[in-house]
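For reference, the structure discussed in these notes is given below.
Just so it is clear, none of the values below were taken in a lab; they were calculated from the coordinates. This is a predicted model, so every value here is computed, not measured. Reconstructed Cβ throughout: ideal geometry from the backbone, glycine too, with neighbour counts over all protein chains shown.
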Amino acid sequence: MAGGPSTPRLVAGAIDAGASGFLAAGYLTAEALARQIADTRALTTGAFGVNLFVPGPKSTDDLELYRERVRKEAARVGTEPGQPDWDDDHYAAKVDVVVAAKVPAVSFTFGVPRTEDVERLHACGAEVIVTVTSPEEARLAAAAGADALCVQGAAAGAHRGTFTNDPIGASLYDLLPALRLIAAATGLPLIATGGLIHGADVAAVIAAGAIAAQLGTAFLRCPEAGTNETYRAALAAADRETVLTRAFSGRPARGLVNRFIVDNTDAPAAYPQVHNMTKPMRAAAVRAGDPELVSLWAGQGYPLATEAPVAEVIANLDRQARAAAKSLRARLG
């Protein structure tokens with residue numbers, strides 16, 4: 001939930017409601033992350049985690065033709081495309097921040113952390129969690145020293161946690177097969193994520209062997225979330241399909257279908273260069289209230305998400321999960 005929806009209020013509210021929560025460090029500077037950690041600790045005494053993006057290799061593709069496409073669309077909202085620059089999202093500096101802050105759980109997306117980073121985190125008492133989308137990635141994460149794995153199914157909203165900017169159709173495991181295959185491959189504790197929107201979904205993945213369920217889309221419409229109004233309106237309308245695309249960022253990500261996605265199905269696999277290129281356009285489109293040029297990330301079940309405080313969403317999930325578990329026990333006798 002990087003890029004705005006994740007906030008200290010949302011994380012603290014989830015914790016105080018009896019769940020857990022992770023701050024999304026993606027796209028933040030190290031200084032901004034440190035402030036968010038401090039702000040969250042000022043709001044709750046509960047433990048929370050931080051998610052970091054692992055930097056990948058720089059694409060060598062020529063991006064000028066795509067930049068011209070973005071330029072034409074950006075002109076519609078009165079701006080220019082950003083530079084197609086590669087960056088590491090301040091990765092090393094943010095690892096320093098979470099180590100210094102002794103954050104109890106640190107998760108990684110888009111790859112495995114460096115061995116020295118895992119050692120530093122373990123030394124300060126942190127658990128290391130790695131997002132994986134396939135058994136092959138799970139084995140790499142286990143070898144790197146992960147304490148647990150976040151298994152992401154194909155229905156997940158936003159960026160896929162895959163370790164490469166691979167073709168969109170690669171490694172698209174549904175969540176339940178992924179859980180079973182990865183459990184057999186590693187034996188590590190598994191957190192299930194991807195398309196979970198109802199308490200019955202939580203009960204299902206727990207029954208399948210996960211130790212926890214991770215949800216994101218379910219909280220996008222909470223007042224505590226930093227979801228912008230253009231994004232909120234598109235979610236509330238619930239009249240768009242979701243699709244995997246590289247159009248906005250250069251990495252496969254699931255979002256609501258809009259014109260920019262439809263017109264750019266052949267977007268280059270170049271992250272974060274494409275992300276940096278489309279960033280000014282997306283920001284201007286949000287200000288203009290134009291959902292056709294905004295990355296509206298959401299999981300497949302997004303129409304079922306409600307507009308309610310985070311505590312109410314969690315209470316409903318808990319009630320639904322308990323009812324589903326009770327029903328299952330009754331059916332099994």
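How many percent of DSSP beta bridges within the chain run antiparallel, rounded to 5?
If I count the DSSP bridges inside the chain, around 25 percent turn out antiparallel.
Between CYS124 and GLU312, what is the spin-label point distance in nm, taking each point 7 Å from the Cα along the Cα→C-beta axis?
Modelled inter-label distance: 3.7 nm.
Counting helices only, and only those DSSP H runs with n ≥ 4, report the 222 nm mean residue ellipticity of the chain as the sum of -39,500 (n - 2.57) divided by its residues, in deg cm²/dmol to the nearest 500.
-12500 deg cm²/dmol
Note down the net charge around HIS122, summing +1 for each Lys or Arg and -1 for each Asp or Glu among other residues with Cβ under 15 Å from its Cβ.
Net local charge, HIS122 excluded: -2.
Return the sequence-ordered ³J(HN,Hα) values of region 4-20 in whole Hz as given by the Karplus equation 6.51 cos²θ - 1.76 cosθ + 1.60 applied to θ = phi - 60°, using x for Gly and Pro.
Here the 3J(HN,Hα) series is x, x, 6, 9, x, 4, 5, 5, 4, x, 5, 5, 5, 8, x, 9, 10 Hz.
Put +1 on the Cβ of every Lys and Arg and -1 on every Asp and Glu Cβ in region 8-332; which of PHE110, ALA93, VAL313 then has its Cα farthest towards the positive end of the dipole?
The residue sitting farthest along the positive end of the dipole is VAL313.
Taking the Cα centre of region 75-135 as origin, sum charge times position over the Cβ atoms of Lys and Arg (+1) and Asp and Glu (-1), and report the length of that vector in debye to the nearest 20.
220 debye
Would you mind working out the magnitude of the charge dipole of the chain relative to its Cα centre, with +1 at each Lys and Arg C-beta and -1 at each Asp and Glu C-beta, to the nearest 20 Debye?
I would put it at about 760 debye.
Mind checking the dipole of region 65-189: about its Cα centre, +1 per Lys or Arg Cβ, -1 per Asp or Glu Cβ, Debye to the nearest 20?
Charge dipole, region 65-189, about its Cα centre: 340 debye, nearest 20.
Excluding ALA93 itself, what net charge comes from residues whose Cβ is under 15 Å from its Cβ, given Lys and Arg +1 and Asp and Glu -1?
It works out to a net charge of -3.
What is the ratio of the Cα radius of gyration of the chain to 2.2 N^0.38 Å, where N is its residue count, to two decimals?
Here the Cα radius of gyration is 0.96 times the empirical estimate.
Where the centroid of each part is defined by its Cα atoms, how far is region 68-85 from region 199-257 in Å?
Using only Cα atoms, the two centres lie 27 Å from each other.
Mind sorting VAL54, VAL130, VAL313 by how few other Cβ atoms lie within 10 Å of their own Cβ, fewest first?
The order, fewest Cβ neighbours first, is VAL54, VAL313, VAL130.
Quick one: LEU121, LEU63, fewest Cβ neighbours within 10 Å first, how do they rank?
LEU63, LEU121
Can you list the HN-Hα couplings for region 290-299, worked out from phi with the Karplus curve (6.51, -1.76, 1.60; θ = phi - 60°), rounded to whole Hz and with x for Gly and Pro?
Karplus values, whole Hz, x for Gly and Pro: 9, x, 7, 10, 10, 7, 9, 5, 6, x.
Go through VAL262, ALA158, GLY216 and say which Cα lies farthest out towards the positive end of the charge dipole of the chain; charges sit on Cβ, +1 for Lys and Arg, -1 for Asp and Glu.
GLY216
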